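The values are calculated or read from the model by the stated rules, or taken from the named source; none is laboratory data. Just so it is clear, the model here is predicted, and its values are computed rather than measured. A quick note on method: Cβ atoms are made from the backbone with ideal geometry, for glycine too, and the neighbour counts reach across all protein chains shown. Just so you know, the surface numbers come from the protein's heavy atoms only, side chains and all, with ligands and any DNA or RNA stripped out. Shrake-Rupley method; radii C 1.70, N 1.55, O 1.52, S 1.80 Å.
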Amino acid sequence: MMIPEINNQPEKTQINILKSLYPFLKKHKRLILLASFCLLFSTILTSIQPLLLRSAIDNYIVPSDYPGLVRLSLIFLLLIAGSFLFNYAGTITSFLLAQRTIIDLRFAMFKKLLTLSVAFMGKTPLGVLITRTTNDTENLNELMSSGALQLINNIILLISTVVFLLFLNAKLTVVVLFLLPVVIALIIYFSKTLRQAYLISRNNLTRINIYMQENLSGISLIKVFSRKELNTKFFKQIASDYKQSMYNALRKDIMFRQLINFSSYISQIAVILYGGYMVMTGETTIGTIPAFLAYLTHFYNPLRDLGERFNIIQNAAASMTKIATILDNDDTVPEIDQPVKTEIQGNISFEKVCFRYDTQWVLKEVSFDIQKGEKIAIVGPTGAGKSTIMNLLLRFYDFEKGCIKIDGVDIRDYELKHLRSNMAIVLQDVFIFKDTIRNNITMGNKDISDEAIIKAAKHLNAWDFILNQPRGLDSELTVEGTNLSHGQKQLLTFVRTLVHNPKILLLDEATSSVDTQTEKLIQQGIEKLMHGRTSIVIAHRLSTIINSDRIFVIEKGVLAETGSHHELLKKRGLYYQLYSIQFAQKIEQNI
Amino acid sequence: MKRVIGYIRENKKQYSLILIVLLLVDIAQLGIPLVVRSAINNISQIQEMNQLVVDAAWLLFFALIVVSGRYIYGAMLRNLALSFDYQNQTALYEKYLQLPDSFFHTHEIGDLMSRLSHDTLSIRRFMIMGLISAIDIIFMGIASLVMMIYLSPQLSLIAVLPLIILIFITRYVSKHIFGIFKKIQQTFGSITSSVRETLVGMKVIRTFTRENYYFQRFSDLCSSYLKINMNLAKLMGVFHPSIAMLISLTTLIVYLIGGKLVIDNVITLGNMIAFSQYIQTLSWPMMAFGFVVNLYQRANISMKRIEEILQTPSAFALQKIKLKPSIEVHNICFKNLTFSYPETQKTVLKNISLNVNKNEIVALTGLTGSGKTTLISLLLRFWENPPDTIYLDKINIETIELDYYRKFFSYVSQDSFLFSTTIKENITFGKPDATMEEILEASRLAELHNDIEIFDKGYDTLIGERGVTLSGGQKQRLSLARALLVKAPVLILDDPLSAVDPETEEKIVANIKKYLKENSSICLMISHKISSLAWADQIVVLANGNILEKGNHDQLIQQDGYYAYLYNKQFLDGWKELNDDS
């Protein structure tokens, strides 16, 4: 059926989370100290409170010392206020620590994404990279702001409670603690089962969302292909899966809480029975009993949370493992120590260039020379290696054998930034950012003036539709530029390219059909873009092919033919064949 | 909230049971401090061990009731709430499939999704937490107050004061926290889209070496995310400690004032300790009061959003006559069809008349916005057509039952939308029980088979984020295979081959021709490419909602109009070149 099952196994972790986070934490040593100090003090101040209650009963209420009780109350009030202040400061500082650490981690991730090789990015699904930068870092955020410090805090509270209990009455403490192994066993068992149960129900919810999203997007297909009943049946199935799994998780959750509750009641009964016995035999005072009962809450509340905290830590550890695989990835484009930064003219030469993706050779000993200002059209069947030539020039990938030179210098010797800023690529899939028209053109480069934009836009006949947008250059474009037509988006990327004034233009012509009017503007645009610069175009339009200086015919990774349109037609070779399939046959059929 | 009340009424028995168990638990909870009081008094005054054992037995009994009762009503309540969720989700889903297309023009998918996920969640929260707390507030609140007054009226008056502040604090926090969480979610969403955008546009960013600018944009978003999170920290930083402080404060008052009363022999020590336990019990309903109001308000808004959808009339409801005539599809006829979309005044189609017969191929072309896709949407009845304008075998289509009507059609949409499942399930979308031969046949007709064979898992390969990413051309061919498999009498193709390379396009066109002849189907196709248009029996050029030209290839070339211009543009340049050379 539709929407495959999602893997319900919790991820295994093999990383020391502190070690991986250390580079990000070490900047904030002071905050860590401050947060730990505040939380520790607030815990201690809270733990003292029941002790004062016992003292109130034993030392003042039972012996009827009212002024003493008032004095004690003042101390108690101070304790309350102090614990409030430290608790507040502790929460704020630990949040701040978490936020500052995570923002650094996010920055590091994002910077890594900007430098990682295209080869790596191509192999990793987009969704995975997004999740690493957002959700996985958010898991660590949760760890930092409500997991780690609180866990330490809970443990301190537990230990200090036990210490106070021992101080109050050692025998009674042993009676209280005899349940501890059972409680710990419960926590370990349930934290594991609950984690699994919630994971399954979350995954089921994801399935519902994916299914819904797709059904709404493809609703017209559901209608025409009469899928209403079948899809409804399936939706009911996944909705009921979700309901079952969520119920299972929630039910186990309550069971766990009630079992812990029950243990707490048993401890209370033990205190009353054994404590009462000790009071009667004079071994301890009556005030010990309410104090013990109060400490029991201090004991069980953190225990109840312990499982949850461990889950947060486990999630964070799993996320950290995944983040680390990206942060530790060195698959970036290598640069030499003293790179060349001389001005680029635009002479390109390929010398026996070989390249392969994995095991498959895509380019086999391709050699050619392109003079500065020449217009080259590349044609050939899909998968022949046309776009690889562009990817190699831009150093999105590095070739394996041979050499690529620009103005006689190996492209690997240029400073990467310098090399790329002299080239521009216009891709088939036009890409529009969710930003203003101006920023889409300048890509945030403030050195490009409005005059330059207007000049370029007018030159490419794009100024009219820009002016027609509600706020001209300041109009916000939506994601993937849906408020512009496809043709307009193409023109906009042309303006983007023109204002950056590259020496070398790489263009992958779009195949998708637009109406004739727009088509004309686009063709003119391409001609204007190519004017005066070295250009390599993966061509689909006949006019582009004919207007180029030379045509490279690529087939199966080999440069099969080169020459002008006329020369190649005369040759009656591969180009002639491609050309006739595309155009001539149909004309014969139809006329 | 009518649906909620209706649901509770439907499950009267279960809810009554929950109420009874809840009350039992509350009574047991109220009994516990009394047992503790008796125990303390026993220890300090009577000093009788047997009595203490009786107290302990009572405590155990009450504890058992509390623990098992909470488990029982908790599980029941959650089960009921989740079933209500399920009802709402499936009702929404079924409704979405029945709504007319016009509805989707005024509602965004994201909004419709959030009604199914977020709104059901806020209703569920109310159905679980809200209901329990409401009962607890009323019962436990009043009962513990009564018990406190019974133990010591003077003490009650003063000790309750801090708890009243608690009501206001929770009310304030629950009001603001909702807004903050919403903002956190929104900003997190923006961060996600920023990352997505940067990744998708990575090649462009790198070529223009603008990495710094996009990092700056990302870091600005992260900084505002930090700020909002700190707002949350400030709120929570005050909230939790002040609850702890207020509860401690009540204890302080109980000990200070209560201690005086014990010293003056007005109350016993046991009473004072029991009192301090009741006041702890009371603190929970006091806190709950603050957020129950908020839970209710949010559930109410969510319920309204869901009911709004459920009450929108479905496409079926709009149709008055619903017939299922026997149709062989000899003829489709558009008669003086004029149409404009409801929300705009602009006329998209003007007085269109067109006759299509069996075995005919009709191609539609024209500028963007000329009305081609609208014409097809009307024929497929995504939109309601004006009365008496479209006929199938001389039967007015408005009178034909919608689901029955659509069985005569098969369709390739412009966006060639695919579902993220296996290739096989996408192809068999319109006929889930298709045999492997049928699948292969459709796949070969669409020139898709060779592409699929390369994949390790063949037809069982997953598409989408968790599987392979298909190229634009492959997507189009897959959606074509999906349409060809069902062998419906009418095949509708909305620009099906725009991203397919010319060689393959040539083969597919030949395949479709053969297919149409074998199945004697009618075919309507939109295209901008002459190579896809030329072979049609009728070519219709639309401009601004009018039929500008109509005829076959030769006729239109002779007319020397738009079509001829298009033809010259796309073909003749090349043809001349070829002739010049040979």
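Assorted remarks:
- Answer residue from segment B:93-127, given it is aliphatic (A, V, I, L, M), at the interface with chain A (Cβ under 9 Å from one of its Cβ atoms) and open to solvent by less than 20 Å² (accessible area, probe 1.4 Å) and is nearest to B:GLU343 (Cα to Cα) among those: B:LEU99
- Residues that are free of Cβ contacts under 8 Å to residues at least 40 places away in the same chain and within 7 Å of chain B (Cβ to nearest Cβ) were ranked within segment A:120-132; the one that is farthest from A:PRO334 (Cα to Cα) is A:GLY127.
- Only residues that are within 13 Å of chain B (Cβ to nearest Cβ) and out of contact with any helix residue (DSSP H, G or I) (no Cβ under 7 Å at 6 or more places or on another chain) were counted in segment A:186-215, giving 5.
- Residue among A:GLN244, A:GLN268 that is surrounded by fewer than 20 Cβ atoms within 10 Å (Cβ to Cβ) and out of contact with any His (no Cβ under 7 Å at 6 or more places or on another chain): A:GLN244
- Only a single item in (1) outside any loop (DSSP other than H, G, I, E, B); (2) in contact with a helix residue (DSSP H, G or I) (Cβ under 9 Å, 6 or more places away or on another chain); (3) within 14 Å of chain A (Cβ to nearest Cβ); (4) more than 28 Å from B:ASN355 (Cβ to Cβ) is not met by B:ILE492, and it is number (4).
- Residue pairs whose Cβ atoms lie under 6 Å apart, sitting 6 or more positions apart in sequence or on different chains, and linking a residue in segment A:216-244 that is more than 7 Å from chain B (Cβ to nearest Cβ) to a partner that is open to solvent by 30 Å² or more (accessible area, probe 1.4 Å), are A:PHE234/A:MET1; A:TYR242/A:LEU205.
- Residue within segment A:169-185 that is out of contact with any strand residue (DSSP E or B) (no Cβ under 6 Å at 6 or more places or on another chain), outside the structural domain of A:ILE326 (by TED's automatic domain parsing) and closer than 27 Å to B:ASP415 by Cβ present: no
- Here is the figure for segment A:133-142: residues that are at the interface with another protein chain (Cβ under 9 Å from one of its Cβ atoms) and surrounded by 17 or more Cβ atoms within 10 Å (Cβ to Cβ) total 4.
- Top-ranked residue of segment A:358-377 - restricted to ones that are closer than 20 Å to A:ASP398 by Cβ and in contact with a Phe, Trp or Tyr (Cβ under 8 Å, 6 or more places away or on another chain), ranked as farthest from the other protein chains (Cβ to nearest Cβ): A:SER367
- Any hit, segment A:169-188, residues being open to solvent by 40 Å² or more (accessible area, probe 1.4 Å), within 38 Å of the chain's Cα centre (by Cα), more than 23 Å from A:ILE260 (Cα to Cα) and not hydroxyl-bearing (Ser, Thr, Tyr): no
- Filter result for A:PHE355 (touching a Phe, Trp or Tyr at 6+ places or on another chain (Cβ under 7 Å), surrounded by 21 or more Cβ atoms within 10 Å (Cβ to Cβ) and assigned to a loop (DSSP other than H, G, I, E, B)): no
- When A:VAL362, A:VAL409 are checked against the criterion of being open to solvent by 10 Å² or more (accessible area, probe 1.4 Å) and either within 30 Å of A:ASP447 (Cα to Cα) or out of contact with any Ser or Thr (no Cβ under 9 Å at 6 or more places or on another chain) (or both), A:VAL409 stands alone in meeting it.
- Residue satisfying condition, being in contact with a Lys or Arg (Cβ under 9 Å, 6 or more places away or on another chain), among the polar types (S, T, N, Q) and assigned to a helix (DSSP H, G or I), within set A:GLN258, A:GLN213: A:GLN258
- Consider segment B:389-422 and keep the residues that are open to solvent by 30 Å² or more (accessible area, probe 1.4 Å) and in contact with a helix residue (DSSP H, G or I) (Cβ under 8 Å, 6 or more places away or on another chain). The one that is modelled with the highest pLDDT is B:TYR391.
- Boolean, A:LEU69 is touching a residue at least 12 places away in the same chain (Cβ under 8 Å) and surrounded by fewer than 20 Cβ atoms within 10 Å (Cβ to Cβ): no
- Test: residue in segment B:203-224 that is more than 30 Å from A:PHE494 (Cα to Cα), buried (at least 22 other Cβ atoms within 10 Å of the Cβ) and more than 7 Å from chain A (Cβ to nearest Cβ): no
- Residue that is part of a helix (DSSP H, G or I) and not aromatic (Phe, Trp, Tyr), where the choices are A:ILE536, A:ILE546: A:ILE546
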